[in-house]
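Below: one structure, written as structure tokens.
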Amino acid sequence: MTTTAAVAGVAARATDVWKVYGSGEAQVVALRGISVELRRGQYTAIMGPSGSGKSTLMHCLAGLDTVTRGEVAIGDTRLGGLSDAKLTQLRRDQVGFVFQQFNLLPTLTAQENILLPLSIAKRKADKAWYDTVIETVGLGDRLTHKPAQLSGGQQQRVACARALVSRPDVVFADEPTGNLDSRSGAEVLGFLRRSVRQFGQTIVMVTHDPNAASYADRVIFLADGAVVTELAEPTADAVLETMKRIDVLAGTRSGAA
Amino acid sequence: MLRATFKSLLSRKLRLILSGLAVILGVMFVSGAFVLTDTLGRSFTNLFQTAFVSTDVQVAAKAKVAGGDAGSDQGIASLPSSVVDQVKGISGVADADGQVWIDGAQAIGKNGKVISTFGSPQFGISWVGGGNQTINAGTAPSADDEVVINAGLAKTAGFAVGDNIRIITMQQSTPATFHLVGTFTYPGNRGSLGGEQTIAFTTAAAQRLLLGAPDSFSVVNVRAAPGVDDNALRDRIAAQIGGDYTVKTGKQLADDNASDVKQGLSFFNYILLGFAGVALFVGTFLILNTFSIIVAQRTRELALLRAVGASRRQMIGSVLIEATVIGLLASVVGLGAGIGVGALLAVLFSSAGGGGLQLAGIGVPPSAIIGAFAVGLIITWVAALMPALRASRIPPIAAMRDAATADRPLTQISIVGGAVTAVGAGLLGFGLSGRAGSAHNATLWLILSGVLVSFIGVALLTPLICRPVVSALGRLFSWSVPGQLGRRNSARNPRRTATTAAALMVGVALITGVYVIRSSVTASLTQLVNKEVSVDMIIYGQQSSGIPPTFDPKVMDQVKALSGVSETSTLYADAARINGDRTGLAAVDDVAALDDMAGLKAASGTITSISDGQLIVDQPEADAHHLKVGDQVKVQLARGPERTFTLTGIYAKNNVTSGWISSTANVADFSTSQASQGLIKLAPGTPVGPVKAEVNTLLADNPLVNVADRSDYVKQQSDQLNFVVNMIQILLFLAILIAVLGIINTLALSVLERTRELGLLRAIGLRRAQAMRMITVEAVVISVFGALLGVAVGTGLGAAVVRALKDDGFTTLSFPWAQMVEYLVLAAIVGVVAAVLPAIRAARVNVLEAIAYE
């Protein structure tokens, strides 16, 4: 375990990030000067009401979207000014993704889906690590199945295994339990937390579900494109409580600003 | 409902254009064909009105051997000069001139080659003067070695008055030299009527060189006295001179000639309509596929419409209205393009061959408009019907379901496909067996519909074979991840892949079929000339004008004297009427030599010698006429009275020689007494090359024929199929063009459908170039699959035709491997080209939008 050492580093960082869509009257400001540091080996949840900019923040952090102003870095790599090819390579080698749906290619088996990022990069899987991941997701007997033959929870666990197998610097999960029932959701969330605890994986998860957020080490609350507050070692109740007061908190903050 | 349809239509303009293009092409060829034939038809009507403007009534000789295939060709038919005097004496006749006028005189150009036209006649006439021909330079011919020619020919060949011209004629295929003393024009200062070339001799020279009969004429041109009605005069002349002659007014002649030419023009019609047929047939697959995919993609939307109360009929209507709009738009655009193409071809046609045809103005007949809309709409409806029915079967509950409906099983479609293929093969087999007879082209129609139905059947079977074949094909590309992904995508929806590939199959199958036939013909001929025939060289020519390809038989005496030549045989050919039927007749100088070289075997009687008044024939022909050795046969040659011959020998069916053979005693009564073929056999061990060169030298003055050794002969014979091959290649180009549109369309729709997957792939690190490669592999797999199918089906069709012709000497089946490989490679290139646009689209997929939730 290298937990202690890992916590010391920063896996991804956003510094004074602004994201503005459109111009003139149709201008929408999605992010207003957000600065966050996502520490290595930590499980961070980003929460906020619809339109708070949480997905935009995650897309910017993951190199899927560009920022209007400010600076985003993954590990030591600054994303500003990188070409599409470089960004693609960065996503391939340093980032893992878990989406809410359409996570798997229907033509590939579970195993092929898991190994896809490595295949694209023409890299061989680390056999021991692959076995560990497969064991952790608990899909050993389902590897040759096509996604259509798997349940929603199983599909999402395959997606998680795919995100982990290339040992990325950060795994970004966008509402990973949004489409799952509570039991399958709990399985997926538990698996994500285990990968942080046992393997020191860094995970950033966007969610609007307080229960899901309670699996994280740290919860960052967003409203109107700005960080409002954050909780460490949260419980579901505490998260719910904070969400209820988020408008008030946002008001206080903007009043203070 | 209507508004919803139009909105969804407008939101998919690209799809509309792509699927419409195939219909546009088809409609273009249909309307282009009608415009072209209408325009040319009216132009020729004008032309012949000019040609016969100064003829009131014409008396023409009837050919002694007429009827049959050759139709109205008058050949050397002649009437004695006494008829001219007789006609002159008929009341109402102001004047009458006898004239020699046949399609049978060719000038040799300054480059030493025979000047040819593009199918226009090359007349040799006796100069009469007056009428519609006016000397515009020089004088009329007054001596037998003087000629005048039409200004068009002079311009084409670069002849000027005062030149010496070498000319070959019907009766003399070795050139004779004439002095060009003048040129003439037609009314309106035209140099030529429709590209025709005319050489006018003095009457005596024309009679000798063209008819081979002194003191006789082809026609008598009659001018009516003032106030005498042409029709009345015609009837009066006909009544007085009897039934041995045809008498027609100038107007009748113009009409008859125009209608003959129009029939000839229907050839263009067939070609263009053939193009249209292929374009529309292939296009049907394209439209069918487009609508199927659209319906599949709109499943939720359509189900929602059903859920909120739209009836099944409304669903069908919605799809069919969309088809109607596409069909109408494509018909309008296709009609416009067709008028353009028809006009362009008409201009090209009129300017070919010296620009002799003056166009009567581009016309758009009603048939072009009706044809355009009928074809455009019907094809689109037919193609949209199945998808429309499928749309109506979408249950409302599908609106709530997440995924598109699962793959339907292929059992039903495969059974139907098998049945349809069997029916097609049956039709084809029956057609090829020749048992349908020739009434109304029954055999041709059976074969065509057999091919068509087989295509449809195979297309229906394609989904079944798609998966194994495509996955095997795809293995070629499995070395990279994008390749693997592309391969799996192409095997994903067998119906879609199959329909797309089937479009390509049609073109490739046609060309492969023709190539199989051609290479089998070549192989069979090679086998034939090498195994069954001991002829080492043959002197012959291929007919390209009114003059049959003949040569001076004296050459054969010189050939026989060459060292190394062991045996020769000279053949003369003409049409004759035997026991009432028009048929071919050959005269041979040394039948024993022919027997030896062609391998003729006696079935009964004797075939080693033929004297005057005797005939021999092959067994099948004898059987057909129920004749046996010793029977009397009535023979009418091109000249002289009908005679009775005795059948003295019957030879067994032979793959080289067939039909009636006589001695050379009657050659003087043939249309021409020049030889048509010379067979040469060399002494064993004599090399062919030097003798061939010597024979060539001997033939220097016989420009209509050449000497060919065995391999030349095989090549020249199989080259006769080149026209068909070229036409099919143009068809193939067209079919491939449409198939490419189909592949583009299918892939573009698939890219659209898989936007999310592409987004996911790009998010987890697939580079743009890799995404493009994935699409390209899918396209290449589909197109190579189509080409493979085409090669297989084409080979089957070609082999069936060759097998059916087994009794006609096509004994060897041979496969054009090189061409097959060529087409597979071509298909791969086609796939790469077709993938360009969809691949760019795939590479441009915006990752964020692609993975965004609904």
Given (1) outside any strand (DSSP E or B); (2) at pLDDT 90 or above, index of the condition A:Thr252 fails: (2)
Failed item in (1) assigned to a strand (DSSP E or B); (2) buried (at least 16 other Cβ atoms within 10 Å of the Cβ), with B:Gly131 passing the rest: (1)
Of the criteria (1) crowded, with 17+ Cβ neighbours inside 10 Å; (2) closer than 23 Å to B:Met505 by Cα, which one B:Ala310 fails: (2)
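Starting from residues that are modelled with pLDDT under 90 and in contact with a helix residue (DSSP H, G or I) (Cβ under 8 Å, 6 or more places away or on another chain), keep the ones in the stretch A:170-181 and report whichever is surrounded by the most Cβ atoms within 10 Å (Cβ to Cβ). Quick ask: steps written out before the conclusion?
The initial filter retains those residues of the stretch A:170-181 that are modelled with pLDDT under 90, namely A:174-181.
Okay, now just the ones that are also in contact with a helix residue (DSSP H, G or I) (Cβ under 8 Å, 6 or more places away or on another chain), so A:174, A:176-177, A:179-181.
Working: A:Asp174: 25, A:Pro176: 29, A:Thr177: 26, A:Asn179: 19, A:Leu180: 22, A:Asp181: 11.
That would be A:Pro176.
Would you point out which residue out of B:Gly277, B:Gly194, B:Gly212, B:Gly227 is closer than 30 Å to B:Ala343 by Cα and assigned by TED's automatic domain parsing to the domain that holds B:Val87? Break it down into steps so the answer makes sense when it comes.
Working: B:Gly277 fails: assigned by TED's automatic domain parsing to the domain that holds B:Val87; B:Gly212 fails: closer than 30 Å to B:Ala343 by Cα; B:Gly227 fails: closer than 30 Å to B:Ala343 by Cα.
Unique residue meeting the criteria: B:Gly194.
Looking only at the stretch B:688-710, count how many residues are over 24 Å from B:Thr174 (Cα atoms) and in contact (Cβ under 8 Å) with a residue 40 or more places away in the chain.
At the first step, the residues of the stretch B:688-710 found to be over 24 Å from B:Thr174 (Cα atoms) are B:688-689, B:710.
Still in the list and also in contact (Cβ under 8 Å) with a residue 40 or more places away in the chain: B:688, B:710.
Number satisfying all stated conditions: 2.
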Lone qualifier among A:Arg13, A:Arg69 - being surrounded by fewer than 23 Cβ atoms within 10 Å (Cβ to Cβ) and either within 14 Å of chain B (Cβ to nearest Cβ) or over 29 Å from A:Thr235 (Cα atoms) (or both): A:Arg69
Residue match in the stretch B:275-284 (condition: surrounded by fewer than 16 Cβ atoms within 10 Å (Cβ to Cβ), farther than 30 Å from B:Ile397 by Cβ and hydrophobic (A, V, I, L, M, F, W, C)): no
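Out of A:Ile46, A:Ile120, report the one residue that is modelled with pLDDT of 90 or more and out of contact with any Pro (no Cβ under 6 Å at 6 or more places or on another chain).
Working: A:Ile120 fails: modelled with pLDDT of 90 or more.
The conditions single out A:Ile46.
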Odd one out for A:Leu150 among (1) at the interface with chain B (Cβ under 8 Å from one of its Cβ atoms); (2) in contact (Cβ under 8 Å) with a residue 40 or more places away in the chain; (3) over 19 Å from B:Ser480 (Cβ atoms): (1)
Residue in the stretch B:192-238 that is nearest to B:Leu40 (Cα to Cα), counting only those that are free of Cβ contacts under 8 Å to residues at least 60 places away in the same chain and over 42 Å from the mean Cα position of the chain (by Cα): B:Asp229
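Condition first: within 10 Å of another protein chain (Cβ to nearest Cβ), in contact with a Phe, Trp or Tyr (Cβ under 6 Å, 6 or more places away or on another chain), buried (at least 19 other Cβ atoms within 10 Å of the Cβ) and not acidic (Asp, Glu). Can you find one or more residues in the stretch A:32-53 that meet it?
Quick first cut of the stretch A:32-53, residues within 10 Å of another protein chain (Cβ to nearest Cβ) only: none.
No, because not a single residue in the stretch A:32-53 is within 10 Å of another protein chain (Cβ to nearest Cβ), in contact with a Phe, Trp or Tyr (Cβ under 6 Å, 6 or more places away or on another chain), buried (at least 19 other Cβ atoms within 10 Å of the Cβ) and not acidic (Asp, Glu).
Can you tell me which residues in the stretch A:82-126 are assigned to a helix (DSSP H, G or I) and facing chain B (nearest Cβ under 8 Å)?
Of the residues in the stretch A:82-126, the ones assigned to a helix (DSSP H, G or I) are A:84-94, A:110-120.
A:Asp84, A:Ala85, A:Thr88, A:Gln89, A:Arg91, A:Arg92, A:Asp93, A:Leu116, A:Pro117, A:Ser119, A:Ile120, listed by residue number.
Inside the stretch B:193-208, can you point out the residues that are part of a helix (DSSP H, G or I) and of a type in the set (A, V, I, L, M)?
Residues satisfying the conditions are B:Ala204, B:Ala205, B:Ala206.
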Flag if B:Asp69 is surrounded by fewer than 16 Cβ atoms within 10 Å (Cβ to Cβ) and either of a type in the set (A, V, I, L, M, F, W, C) or modelled with pLDDT of 85 or more (or both): no
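Table: residues versus (1) modelled with pLDDT of 80 or more; (2) at positive phi; (3) surrounded by fewer than 22 Cβ atoms within 10 Å (Cβ to Cβ); (4) not aromatic (Phe, Trp, Tyr).
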position: B:Tyr245; (1), (2), (3), (4): yes, no, yes, no
position: B:Ala254; (1), (2), (3), (4): yes, no, no, yes
position: B:Asn289; (1), (2), (3), (4): yes, no, no, yes
position: B:Leu328; (1), (2), (3), (4): yes, no, yes, yes
Verdict on B:Gly759 being at negative phi, surrounded by fewer than 24 Cβ atoms within 10 Å (Cβ to Cβ), within 14 Å of another protein chain (Cβ to nearest Cβ) and not in a loop (DSSP other than H, G, I, E, B): yes
The stretch B:141-151: number of residues that are crowded, with 17+ Cβ neighbours inside 10 Å and either more than 39 Å from the chain's Cα centre (by Cα) or in a loop (DSSP other than H, G, I, E, B) (or both): 2
Given (1) surrounded by fewer than 21 Cβ atoms within 10 Å (Cβ to Cβ); (2) at pLDDT 85 or above; (3) within 29 Å of the chain's Cα centre (by Cα), number of the condition B:Gln86 does not satisfy: (3)
Any chance B:Val793 is out of contact with any helix residue (DSSP H, G or I) (no Cβ under 6 Å at 6 or more places or on another chain) and either assigned to a helix (DSSP H, G or I) or away from chain A (no Cβ under 14 Å) (or both): no
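The values are calculated or read from the model by the stated rules, or taken from the named source; none is laboratory data. Note that the structure is predicted; figures quoted are calculated from it, not measured. All Cβ positions, glycine included, derive from the backbone under ideal geometry; neighbour counts span all protein chains shown.
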